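The values are calculated or read from the model by the stated rules, or taken from the named source; none is laboratory data. Treat the numbers as computed from the prediction; the structure is a model and nothing was measured. Ideal geometry is used to build each Cβ from the backbone, glycine not excepted, and the neighbour counts take in all protein chains shown. Accessible surface is based on the protein model in full, side chains and every heavy atom, while ligands, DNA and RNA are left aside. Shrake-Rupley method; radii C 1.70, N 1.55, O 1.52, S 1.80 Å.
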Amino acid sequence: MDYREFFDKDIVSIRDFSRSQIESILDLSEEMVPYATGEKRNKMLDGKILGNLFFEPSTRTRLSFESAAHRLGADVIDVSQMSMTSISKGETLADTIRMVDTYCDAIVLRHPHEGAARLAAKFSKNPVINAGDGAGSHPTQTLLDLFTMRREKGSLDGLNIAMVGDLKYGRTVHSLVDALTMFGAKLTFVAPESLQMPDDIVSHLKSGGYNTKKTANLEDVISDADVLYVTRIQRERFPDPAEYSKVAGTYRIDNEMLREAKSDMIVMHPLPRIDEIAPEVDNTEHAKYFEQAFNGIPVRMALLCAIMGGEL
Ligand code: CP
């Protein structure tokens, strides 16, 4: 598989990728690292324009796409609030996408509604990248998560991964489980029952012959894990604030808890974190979440290169 096969393709769901396609993007991402740090320069996308449409808050995804585009020589046009677009006057998302499509060469879309990126891809001639659609999925986060695991653990095959926190509303874990099953990961879902991995996702995994475990007790799994993937409880997606209050602060990873972990176990988090990882963990060898956030740049450079016709 060659990354050039992604030319002009949408990036909507990780389910649209095969294992070899994922590996080709991760390989290209590795080559992008010296360009992502500025150590080497390549303006392969000079003359191209990226449209960044972020209709939900974002720090990492929006800025890393912007940084990735600039590093490769592309210009960026962007909107970071729906209220600043004609959507606030009643224009549909479909018409908005039709317009923005004519102003740029690829669109990155974050939207509060599940399915928005798939809809945008239908109305855009240029490629659309899903930067998170409600509680749906976040495929570019998945690619950078896999890139981080492969860099830190040497290989993705057969890792023992515990996912902790809000598995119901956390879109990053929804995308990640689909990808990890392609690499034979052993998955344990750690969450209170009300925030467990949605049944449709577990059923989808089962229908592919893939079994997962679930528990509410982090202590049951921490000593066997190769990767602890921690997520924030997604307060903004709870229909009832009282329900959020019942589960807020359920898990907090601290150094005391990490005493039970393997010495090379890594802690990841898509960020932002609230209180689910104590700051003292940042100074341990386990903490990889800031490296993970940086990895968004080479991975998004690889994606932009691949879909916008760059050459490395
Ligand atoms: N991980 C992630 O999507 O972060 P942002 O919401 O800051 O983009």
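Okay, here's what the table says:
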{"quantity": "Residues satisfying the stated conditions in the stretch 53-89, i.e. assigned to a loop (DSSP other than H, G, I, E, B) and either in contact with a Pro (Cβ under 7 Å, 6 or more places away or on another chain) or among the polar types (S, T, N, Q) (or both)", "calculated": "F55, E56, S58, T59, S80, Q81, T85"}
{"quantity": "Where a residue in the stretch 115-127 is in contact (Cβ under 8 Å) with a residue 12 or more places away in the chain and within 13 Å of R98 (Cα to Cα) and its partner, wherever it lies, is in a helix (DSSP H, G or I) and open to solvent by less than 20 Å² (accessible area, probe 1.4 Å), with Cβ under 6 Å and at least six apart", "calculated": "A120/I97; F123/A94; F123/I97; S124/I97; S124/D101; K125/D101; N126/D101; P127/I307"}
{"quantity": "Of the criteria (1) in contact (Cβ under 8 Å) with a residue 60 or more places away in the chain; (2) open to solvent by 50 Å² or more (accessible area, probe 1.4 Å); (3) not in a helix (DSSP H, G or I), which one E291 fails", "calculated": "(3)"}
{"quantity": "Hits in the stretch 131-170 (condition: open to solvent by 30 Å² or more (accessible area, probe 1.4 Å) and within 16 Å of the ligand (Cβ to nearest atom))", "calculated": "Y169"}
{"quantity": "Evaluation of F7 against (1) under 16 Å from the mean Cα position of the chain (by Cα); (2) among the hydrophobic types (A, V, I, L, M, F, W, C); (3) over 26 Å from R171 (Cβ atoms) (one fails), failing number", "calculated": "(1)"}
{"quantity": "Residues within the stretch 47-70 that are within 16 Å of the ligand (Cβ to nearest atom) and more than 17 Å from the chain's Cα centre (by Cα), tallied", "calculated": "2"}
{"quantity": "Scope the stretch 81-112; condition within 16 Å of the ligand (Cβ to nearest atom) and of a type outside the set (A, V, I, L, M); matching residues", "calculated": "Q81, R110, H111, P112"}
{"quantity": "Matching option when the condition is free of Cβ contacts under 8 Å to residues at least 40 places away in the same chain and buried (at least 16 other Cβ atoms within 10 Å of the Cβ), among L258, L218", "calculated": "L258"}
{"quantity": "Of all residues making up the stretch 72-125, the number that are open to solvent by less than 20 Å² (accessible area, probe 1.4 Å) and of a type in the set (D, E)", "calculated": "1"}
{"quantity": "Considering residues of the stretch 294-312 that are over 21 Å from N126 (Cα atoms) and either more than 14 Å from the ligand (Cβ to nearest atom) or not hydrophobic (A, V, I, L, M, F, W, C) (or both) only, the residue most open to solvent (accessible area, probe 1.4 Å)", "calculated": "L312"}
{"quantity": "Number of positions in the stretch 193-211 that are closer than 27 Å to D264 by Cα and either among the acidic types (D, E) or at pLDDT below 95 (or both)", "calculated": "2"}
{"quantity": "Any chance S263 is small (G, A, S) and free of Cβ contacts under 8 Å to residues at least 40 places away in the same chain", "calculated": "yes"}
{"quantity": "Condition met for M44 (away from the ligand (no atom under 16 Å from the Cβ), assigned to a helix (DSSP H, G or I) and open to solvent by less than 70 Å² (accessible area, probe 1.4 Å))", "calculated": "no"}
{"quantity": "I22 vs. criteria away from the ligand (no atom under 16 Å from the Cβ), among the aliphatic types (A, V, I, L, M), open to solvent by less than 50 Å² (accessible area, probe 1.4 Å) and on the phi < 0 side of the Ramachandran plot", "calculated": "yes"}
{"quantity": "Subset tally (residues that are part of a loop (DSSP other than H, G, I, E, B) and either among the β-branched types (V, I, T) or at pLDDT 85 or above (or both)) for the stretch 249-277", "calculated": "19"}
{"quantity": "Single unsatisfied condition, F6 versus (1) more than 19 Å from A120 (Cα to Cα); (2) modelled with pLDDT of 95 or more", "calculated": "(1)"}
